[in-house]
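See below for the structure under consideration.
The values are calculated or read from the model by the stated rules, or taken from the named source; none is laboratory data. Given the structure is predicted, the values throughout are model-derived calculations rather than measurements. Keep in mind that these areas ignore ligands, DNA and RNA; they rest on the heavy atoms of the full protein, side chains included. Shrake-Rupley method; radii C 1.70, N 1.55, O 1.52, S 1.80 Å.
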Amino acid sequence: SLEGEVASLEAEQTSALSKVNKLETELMESKGQVGSLEAVVTALEGEMNTMEAAMAKNSGFKLDADQRLVAKEEEAAELKVELESLKSSSERQIVSLAANVSSLENIVSSMEGEMAAMEKE
């Protein structure tokens, strides 16, 4: 009977050791899977960093392009003001020239009148 109990206990011990070995094997497999997942996460983090850097670079290009656009718009506005000023100045010069032409026509007409009067004398 005592030998039977010892044999039974030895069988339970062997079974328990087998279960411990099985659990240790599962634990090692889980650690391997965790390691694989950590590698995947690290790779994804690397890809995210690359994408963020690309986005920052594109954002910089966009900012630069926006600044150039604003500069061009300001330049266009300045040129428009300058054009309006030249147009106004040209219009004043045309009015002045028209007045001078009219004055010269009056002088010519007056001189023609004087010449006609002199010819009659």
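Overview of values
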{"item": "Residues of the stretch 25-43 classified as of a type outside the set (S, T, Y) and open to solvent by less than 100 Å² (accessible area, probe 1.4 Å), total", "result": "9"}
{"item": "Selected residue (only one of V70, V95 is modelled with pLDDT under 90 and among the aliphatic types (A, V, I, L, M))", "result": "V95"}
{"item": "Flag if E5 is open to solvent by 80 Å² or more (accessible area, probe 1.4 Å) and modelled with pLDDT of 90 or more", "result": "no"}
{"item": "Residue check, E84 modelled with pLDDT of 90 or more and open to solvent by 70 Å² or more (accessible area, probe 1.4 Å)", "result": "yes"}
{"item": "Residues located in the stretch 104-121, provided they are assigned to a helix (DSSP H, G or I) and open to solvent by 100 Å² or more (accessible area, probe 1.4 Å)", "result": "L104, E105, N106, M111, E112, E114, M115, M118, E119, K120"}
